[in-house]
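Just so you know, all these numbers are worked out from the coordinates, no wet-lab data involved. Computed from a prediction, not measured in an experiment: that's the story for all the values here. All Cβ positions, glycine included, derive from the backbone under ideal geometry; neighbour counts span all protein chains shown.
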Amino acid sequence: MPTSLRRLLRHETILAALVVVALVVLATQSERFFTAANILNQGRLMAEAGLVALTMTFVIITGGIDLSVGSILGLAAILVGVLWKNLGLALPVAMVLAVGAGGLAGLVNGLIVTRFKVPPLIATLATLALYRGLAEGISQSRSVRGYPEWFYALGQGDAAGMPVQVWILLVATVAAAGILGLTTFGRATYAVGANETAARFSGVAVDRTRLLIYTASGLMSGLAAVIFVSRVTTTRSDMGSGLELDVITAVVLGGTSIFGGKGTVVGTVLGLVLIQALRSGLSLAGVKGDGTIVVIGLVLIGAILVSNVFGRDGDG
Amino acid sequence: MEAVAAAAPARKGGRLARLFGAYGQELVILGALLALMVVSGTVNRRFLGENNLNSIFSGNAYVAVAAIGMSMVIIAGHIDVSVGSLIGVLATISGTLAVRGYPIWVAWLASVLVGIAVEAFTGALIAYARIPAIVVTLGMLSILKGGLISATQGAWITNLPPGFLLAQFRFLGILSPVWFAAVLTVLAALWMRYTAVGRSIYAIGGNPDAARAAGIQTRPTVVLVFAIHGFFAGIAAVLFGTQLQVIQSTVPPNLELNVITASVIGGVSILGGTGTVIGSTLAAVLFGAIGSSLIFLNVSAYWLKAVLGLMILATVLADMARRSRAS
């Protein structure tokens with residue numbers, strides 16, 4: 001296959017085509033699908049998973065995985081409530097501390113993976129249980145409500161015609177794409193995932209790269225938690241359960257190789273958009289929420305199947 | 001190398017060191033289980049009462065049975081995150097057939113056969129379409145979960161015929177799930193250790209290229225491993241669905257994580273190639289026992305999961321320390 005044709009058939013292109021087809025088909029099913037209101041609202045709903053998916057892209061490119069993101073989100077969410085309501089801290093302080101706690105949880109993941117050489121799947125499987133348990137224990141499974149009005153701006157307000165969290169997601173996406181594509185750190189991320197030993201011998205600080213990435217994953221889950229709490233106006237300890245599967249689905253759908261060394265932020269964003277478009281479009285077309293999960297599963301398998309058939313480049 | 005050590009039938013001398021080398025993780029789990037029994041039993045006599053032991057062993061047997069198949073999948077170098085959803089689907093199919101008046105053996109058999117079919121399909125996508133197992137099974141998770149809720153709308157299945165409730169049968173005074181878990185574990189362990197096909201699972205997980213070069217049909221073997229995993233999921237689903245008088249027609253939350261955790265804590269390396277199903281069964285029982293003992297030791301129910309998570313982490317770290325010392 002000539003190089004130009006192969007480049008044309010790379011995963012992101014196939015995915016972008018799939019997104020366009022999905023948008024067109026879904027738009028014919030309901031008049032309300034292609035309205036500004038619906039698109040902005042979908043952006044609002046997508047922001048939390050989107051933020052976490054950005055750092056998950058880095059994690060998976062290093063050949064790792066972070067199953068604990070949903071639990072970190074739950075833990076950070078209840079910390080916002082408990083620190084503010086039960087300990088009487090100022091709400092902005094509670095928000096910062098909650099995001100910081102997310103970062104700390106991510107740092108612990110990173111330490112377990114780098115210091116103790118525990119495979120990331122196992123390490124984060126264990127902390128998935130641990131962090132969710134801490135969330136349940138600290139909150140005693142009680143929810144916290146009644147936040148001040150200004151706090152809801154983050155999750156429900158608009159700025160310059162767009163939901164606030166969509167701006168946050170946009171900035172984070174540009175930053176993530178820049179770091180991954182243009183910086184030494186980004187190159188190191190690919191190097192760690194492609195061949196760890198070679199990366200080590202080339203002078204890449206493998207452990208430090210991993211540690212930073214897992215910490216960032218925790219921080220991002222903490223940030224997503226604060227936005228989530230602001231959007232739904234309450235905190236509960238079961239928030240974010242199952243988030244890890246949604247996020248990993250988006251990243252993998254976006255063409256990031258689960259074996260590491262390959263993937264882009266653009267792909268992840270396309271994956272997110274496709275999933276969110278399917279959710280919204282199918283529900284507007286009258287398909288129940290559970291039916292859309294089935295379609296997302298089929299699309300995930302189908303997209304990877306098609307890209308395997310076209311893009312045979314030796315791995316797989 | 002550890003695969004060879006674990007699988008080599010060379011411990012006839014019964015040397016303690018060699019036994020520990022081959023079954024280190026299994027012995028650690030067994031030791032932890034016994035220690036837990038003694039401590040909890042001393043603090044609270046009722047912990048070792050017949051009712052509680054029954055609920056620990058029988059109540060977690062379905063996890064142990066599912067973990068047998070999961071262990072084989074992981075030893076072959078793959079993973080299945082859809083098994084919890086599959087068990088929910090199979091239990092619902094089986095219960096629906098029983099309520100609609102089909103013979104009870106048909107209801108039971110349907111769970112096993114559908115389990116085999118679904119997982120064989122999953123295995124074929126992995127082996128022949130070369131899609132990574134985590135991707136295929138993530139997709140299957142969505143499909144099975146969404147399909148189940150769409151089909152049932154979450155309605156509970158009630159009025160199950162008494163003859164259908166397999167998990168409540170007793171044989172020699174012991175509940176049937178315990179028998180299933182014990183007998184299936186022993187059979188699977190012997191099969192994996194002494195048959196050519198069983199050994200080839202270790203070979204594929206240890207080094208697929210070397211396995212292929214050694215003349216092992218890797219692709220059909222992967223499909224077979226997943227089909228066997230589906231067989232165990234089918235039995236686990238019947239045991240899970242017949243514990244109570246109703247089937248809730250939903251996916252049991254976090255079941256796939258419990259099953260994977262049991263396999264991995266039981267000594268199956270996530271990197272493939274090593275481990276035994278004995279370890280995963282012991283680990284499944286250990287988790288049940290930990291959960292129960294925390295209740296008997298008056299730990300607040302809200303902290304249960306945190307303590308359990310800490311213990312999983314401690315076991316993982318201890319295992320890594322043991323491995324690095326061994327190598």
> How big is the C-alpha Rg of the stretch A:46-242 next to the rule-of-thumb value 2.2 N^0.38 Å, as a ratio?
Replying inline: 1.04
> How much length, in nm to one decimal, is gained on full extension between A:SER141 and A:ALA198, taken as 0.36 nm per residue of separation minus their Cα-Cα distance?
Replying inline: 15.8 nm
> Ranked by Cβ crowding within 10 angstrom, fewest neighbours first, how are A:MET95, B:MET311 ordered?
Replying inline: B:MET311, A:MET95
> Which cross-chain or sequence-distant (5 or more) residues have an amide H under 5 Å from the amide H of A:ASP158, H modelled 1.01 Å from N in plane?
Replying inline: A:VAL164
> If you take the Cα Rg of the stretch B:149-290 and divide it by 2.2 N^0.38 Å, with N the number of residues, what do you get?
Replying inline: 1.23
>> Bins of 5 Å, beginning at zero and ending with the bin holding the largest distance: percent of Cα pairs per bin for the stretch A:232-305, please.
In response: 3, 15, 22, 22, 17, 13, 6, 2, 0
> Going by how many other Cβ atoms sit within 10 Å of their own, how do B:LEU144, A:LEU180, B:LEU294 line up, fewest first?
Replying inline: B:LEU294, A:LEU180, B:LEU144
> So, in Å, what gap is there between the alpha-carbon centers of the stretch A:235-266 and the stretch A:31-92?
Replying inline: 12 Å
>> Helix-only mean residue ellipticity at 222 nm, chain A, DSSP H runs n ≥ 4 weighted -39,500 (n - 2.57), per residue, nearest 500. What is it?
In response: -24000 deg cm²/dmol
> For B:ASP80, A:ASP246, what ranking results if the residue with the fewest other Cβ atoms within 10 Å of its Cβ goes first?
Replying inline: A:ASP246, B:ASP80
> What does the charge add up to near A:LYS85, with Lys and Arg as +1, Asp and Glu as -1, over the other residues with Cβ less than 13 Å from its Cβ?
Replying inline: +2
>> Run the helix sum for chain B: -39,500 (n - 2.57) per DSSP H stretch of 4+ residues, divided by residue count, reported at 222 nm to the nearest 500 deg cm²/dmol.
In response: -24000 deg cm²/dmol
> Per the Kirkwood treatment, what hydrodynamic radius in Å, one decimal, follows for chain B from the mean inverse distance over all distinct Cα pairs?
Replying inline: 20.3 Å
>> How large is log10 of I(q)/I(0) for the protein assembly as shown at q = 0.07 Å⁻¹ when the intensity is taken from the Debye formula with one equal scatterer per alpha-carbon?
In response: -0.45
> What net charge do the residues around A:THR114 carry, taking every other residue with its C-beta under 15 Å from that of A:THR114, with Lys and Arg at +1 and Asp and Glu at -1?
Replying inline: +2
> Does the stretch A:19-91 come out rounded, prolate or oblate, given a ≥ b ≥ c as the square roots of the eigenvalues of its C-alpha gyration tensor, rounded meaning a/c under 1.5 and, failing that, prolate meaning a/b above b/c?
Replying inline: oblate
